[in-house]
Amino acid sequence: MKQIDIISGFSKMNKLEKLEYLSGLSDDPATVIQMLKSYWHQDFKTQKLFDEFSENTITNFYFPFSVAPNFVINGKNYIIPMVIEESSVVAAAANSAKFWSDKGGFKANVVNIEKTGQVHFIWKGDKHKLFDNFSELNRQMMEATSAMTANMRQRGGGILKIELVDMSDKIEDYFQLKATFDTRDSMGANFINSCLEEFASVLKKFLQETPVFTGTEKDCQVIMAILSNYTPECLVKVSVECEIEKFGTMADILDPHEFVWKFQKAVEISKVDVYRATTHNKGIYNGIDSVALATGNDFRAIEAAGHAFAARNGHYSGLSEVEIKGDVFTYSLTVPIALGTVGGLTSLHPLARFSLELLGNPGAEELMMIAASVGLANNFSALRSLTTKGIQVGHMKMHLLNILNSFSSTEKEKRKAVEFFKTHKVSYKAVSDFLSSIRISDVKPVNLEA
């Protein structure tokens, strides 16, 4: 790539102008343009829709769209759409789903669906006056947002409560308006933020016009009004359970009781060691994120909430729980997941729309339970592998095709490699050596005397 200078007016360029500029930074502009254009959608209308999802779009970035069948959740069978680039995640989810499908499946319930937003402000007045007059401020804020919450209230949601929070012991003169919302089947970010900004306007006007506030008390500096992606009151719980002896039907498990003992210890380790806890929870979000992406939801917000929840007791720990009662093994996950099934990309993106159709057009609560179930399924499979044959055997087998593609293998070479590595350990060096050996053997000797 060539030297990159500061660009003025890049966002004002049209798409082709941006392509030409960016390709000009490479040593082969024509090839770069051809490659980027090859990922454009063949239908102009659909491509225009994709372009308008974001800013400065030049092409589409493809991720695999996979499905994991045999998920039985609350007695209902699902085929789960998963968008993720790691094949072992989909395989792990499907294997776990199949194992639990005839053992009652996944039992899930939504604990709560409340979401939070805050108006952060600095105010130098008498806090007692503010608290004494808060009921009137609350009334005015609810009245001011009545029109914008009307549709949400008709669907059973809306603003649940508004609290005044004194945070001046943490930051001088710092207060919050902390509001709780029920956004029904919508993720609700825009709805919440609109309400919060209106709260901020009402707050400033209230302090200016209420006679009890005098002098500098009339001055309020709103720092920001924004929803919180920490959703500890938007919780879903999912669990699986079976008799310990049933693990004896799984490959690589010779002693079910030893397996369960090691599995339980692995979970306990995730509770006390942050290094292990981070990887443990990453395995959970392999599943949750893939469902969020497939359905057009914000996986970054979901992960942020989950990791904050994992640290709610003062240290970061694993999110899942294991319980052994007699001969019964129960594995569960309680996690905050704020998902939507209406609005945003969930209805605009054709594949997100198809994903929801594939799932039976669930509401937000059902989708929360589905995503959490996939998270627990992936985590169960990961711990099963870690405590038996090790993670790399299955992972590298699934990764084999990626390695072969990195060596530009032919279809014939791929077939030979897949067969060979059914009984051999996969690694980059092993694949490289194998390809070298078959490529040498495929070269026919030349008869120099002919």
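The values are calculated or read from the model by the stated rules, or taken from the named source; none is laboratory data. Predicted, not measured: the structure shown is a model, and the values here were computed from it. Note that each Cβ is placed from the backbone with ideal geometry, even for glycine, and that neighbours are counted across all protein chains shown.
Miscellaneous remarks
- In region 408-423, the residue that is farthest from the chain's Cα centre (by Cα) out of those that are under 12 Å from Ile438 (Cα atoms) and in a loop (DSSP other than H, G, I, E, B) is Thr410.
- Filter pass, Arg300 being out of contact with any Leu (no Cβ under 9 Å at 6 or more places or on another chain), surrounded by fewer than 19 Cβ atoms within 10 Å (Cβ to Cβ), basic (Lys, Arg) and assigned to a loop (DSSP other than H, G, I, E, B): no
- Once region 140-193 is narrowed to residues that are among the polar types (S, T, N, Q) and part of a loop (DSSP other than H, G, I, E, B), the residue that is surrounded by the fewest Cβ atoms within 10 Å (Cβ to Cβ) is Ser168.
- Residue satisfying all of: in region 87-134; outside any helix (DSSP H, G or I) and among the polar types (S, T, N, Q); nearest to Ile244 (Cα to Cα) among these: Asn109
- Residue count, region 44-56 (criterion: farther than 24 Å from Leu359 by Cβ and either small (Gly, Ala, Ser) or surrounded by fewer than 15 Cβ atoms within 10 Å (Cβ to Cβ) (or both)): 7
- Just one residue in the set Glu268, Glu245 is touching a Pro at 6+ places or on another chain (Cβ under 6 Å), surrounded by fewer than 17 Cβ atoms within 10 Å (Cβ to Cβ) and over 20 Å from Ser186 (Cβ atoms); that residue is Glu245.
- Once region 234-257 is narrowed to residues that are acidic (Asp, Glu) and either assigned to a loop (DSSP other than H, G, I, E, B) or within 17 Å of the chain's Cα centre (by Cα) (or both), the residue that is nearest to Ile370 (Cα to Cα) is Asp252.
- Count of region 424-436 residues which are more than 36 Å from the chain's Cα centre (by Cα) and either in a loop (DSSP other than H, G, I, E, B) or among the small types (Gly, Ala, Ser) (or both): 1
- Residue match in region 336-349 (condition: aliphatic (A, V, I, L, M), in the same structural domain as Met368 (by TED's automatic domain parsing) and over 27 Å from Met152 (Cα atoms)): no
- Any hit, region 41-51, residues being touching a residue at least 60 places away in the same chain (Cβ under 8 Å), outside any strand (DSSP E or B) and within 13 Å of Gly287 (Cα to Cα): no
- The set of residues in region 214-233 being in contact with a Gly (Cβ under 6 Å, 6 or more places away or on another chain) and not in a strand (DSSP E or B) consists of Glu217 alone.
- Unmet criterion (only one of (1) in contact (Cβ under 8 Å) with a residue 12 or more places away in the chain; (2) among the basic types (Lys, Arg); (3) out of contact with any helix residue (DSSP H, G or I) (no Cβ under 7 Å at 6 or more places or on another chain)) for Arg276: (3)
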